[in-house]
Amino acid sequence: MPERDHLTVTVQRGGPDAPMRPQTFEVPAYDNQTVLDVVSWIQQNADPTLTYRFACRVGMCGSCAMMVNGVPRWTCRTHVSKVLDGNAIEVGPLRNLPVIKDLAADMDPFFDKWVAAEGRHHPTRSRDEEIAPIDPIAAERQEANAGIECINCSVCYSACDTVAGNPDYLGPAALQRAWTLYNDAKDADRDAILDAVSAKGGCHSCHSMGSCTAYCPNELDPLSAIAGLKRATAKRFFGGRK
Amino acid sequence: MSEFHLYMAQRLSALVMAPFVLVHIGVMIYAIQGGLSAAEILGRTQGSVFWFAFYGMFVVAVSIHAAIGLRTILGEWAGLRGGARDVVAAVIGLGLMALGAQAVWAVTS
Ligand code: SF4
Ligand code: SF4
Ligand code: FES
């Protein structure tokens, strides 16, 4: 690889009040550099008005996702060397979400859909009762465990073409959350979960193309979680329980 | 009808169609051995309760299956929403049913 001392970085600028337009910066290249480092360099050294979002910088908080060369990625853990196109990168706000400003997407619709998918805990006991023991090797627990490392980054939501075509669609992360709770021995309202994911925009809108699973930076598998919900709702329809 | 019921109707109609498609293709391959004529086909189908029921159910399943699938495509690809989409899909479903029923009647009556 030829020695490079600069990268050509194009960032999308704009928001609800100004149409999006690309702006290009020359950014110093280093051996080890993430996309988030590059964006931060621009904000700190070239243009302090550039808006973006991050918090943990170690892939825990899910706040730094952006489109990088057209692909949704967690920018704090995406090395520039992995995504360089020639000597250039293009960074934009996450797809399928409204833009607040520049690289910061509005996550409200994403989180509202978690609630709409009943992605919240329905307790089996009150705080005054003993904590219920959990069997870690039960098949249901394994199913639930598969999805709990989700960091709510919305990469899957941005990757999903069904979200793009159908604004009602709850999306992979919210539905995976519903599946996790459905399999949680400590969740008391499975019927409410199945009702929520059977409504308009629920799991039956998924086309099983698997972009969510292909792009999830934590290597989770929302596609299979959604298939589980489809099976569970069909079983309930025929009068069976899981 | 909820999205979920449409989903189930589409899956169940697919389940009904699968054996019909196989029998339909199987009989076609068998029937064209040694040439094919309209008289031969009509000789097999006219007055046959079996073929009337077979293709009658086939037509019903196709109409349901195709209309629900096209309803999804109209929403995601053509951006049609709400009642307008349901009406267009229902018209397509009923149209397919009418065309199919006419054809079934023509070869079995
Ligand atoms: S599998 Fe379903 S949720 Fe995942 S990207 Fe495809 S349509 Fe979206
Ligand atoms: S499933 Fe993966 S891509 Fe989707 S929000 Fe969770 S961590 Fe991000
Ligand atoms: S900054 Fe927290 S996941 Fe990237």
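Read the figures in this text as sums done on the coordinates, not as results from a lab. Keep in mind that this is a model prediction, so the values were computed, not measured. Cβ coordinates were reconstructed from backbone atoms using ideal geometry, including for glycine residues, and neighbour counts include every protein chain displayed.
Below is a table of values for the structure above.
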read-out	value
FRET efficiency, 1/(1 + (r/R0)^6) with R0 30 Å, evaluated for B:Ala53 and B:Met28 via beta carbons	0.95
Label-point separation, B:Trp77 to A:Thr10 (7 Å along Cα→Cβ), nm	3.0
Ranked by how many other beta carbons lie within 10 Å on average, peptides A:49-60, B:65-76 from highest	B:65-76, A:49-60
Over the range A:108-237: Rg over Rh, Cα atoms, Kirkwood Rh	0.97
For B:1-7, mean number of other protein chain Cβ atoms within 10 Å	6
Estimated distance in nm for a label pair at A:Ile131 and B:Ala18, the labels positioned 7 Å out from Cα along Cα-to-Cβ	4.6
Percent RCO, i.e. relative contact order, over chain B, from Cα pairs under 8 Å lying at least 6 residues apart	37
Listed residues B:Ala39, B:Ala98, B:Ala61, most fluctuating in chain B (Gaussian network, C-alpha, under 10 Å)	B:Ala39
The range A:1-84 shape via C-alpha gyration tensor axes, a/c threshold 1.5	oblate
Whole-Hz couplings from phi, Karplus 6.51/-1.76/1.60, listed for the range B:80-87; x for Gly and Pro	6, 10, x, x, 4, 5, 4, 5
Hydrodynamic radius by Kirkwood, which averages 1/r over all alpha carbon pairs of the range B:3-108, in angstrom	15.3
Charge-dipole axis of chain A as Lys and Arg at +1 and Asp and Glu at -1 on Cβ define it, positive-most pick from A:Ser158, A:Ala104, A:Asn87	A:Ser158
From phi via Karplus (6.51, -1.76, 1.60), per-residue ³J(HN,Hα) for the range A:94-109 in Hz, x at Gly/Pro	3, 6, 6, 9, x, 9, 7, 6, 6, 9, 9, 8, 7, 8, 3, x
Difference of contour (0.36 nm per residue) and Cα-Cα distance, A:Met60 to A:Ala188	43.2 nm
Label-point separation, B:Ala98 to A:Ile100 (7 Å along Cα→Cβ), nm	5.4
Neighbouring partner chain Cβ atoms per residue of A:201-214, average, 10 Å criterion	2
Antiparallel bridges, percent of DSSP beta bridges restricted to chain A (to nearest 5)	85
Contour minus Cα-Cα distance for A:Leu84 and A:Ile148 (0.36 nm per residue)	19.9 nm
The range A:99-173 versus the range A:1-57: alpha-carbon centroid distance in Å	30
Over the range A:33-161, volume per residue of the alpha carbon convex hull, in Å³	165
Alpha-carbon centroids, the range B:48-100 and the range A:179-235: separation in whole Å	28
Relative contact order %, chain A, counting alpha carbon pairs below 8 Å whose residues are six or more apart	17
Selection from A:Ala29, A:Ile148, A:Cys206, by position along the positive dipole direction of chain A (Cβ)	A:Cys206
Kirkwood hydrodynamic radius (C-alpha pairs) into Stokes-Einstein, chain A, 10 °C and 1.306 mPa s, D in µm²/s	82
Cβ neighbours within 10 Å from other chains - mean over B:72-81	3
The range A:127-242: relative contact order as a whole-number percent, Cα under 8 Å and 6+ apart	29
Sites B:Ala39 and A:Lys235, calculated FRET efficiency, Cβ-Cβ separation with R0 56 Å, nearest 0.05	0.65
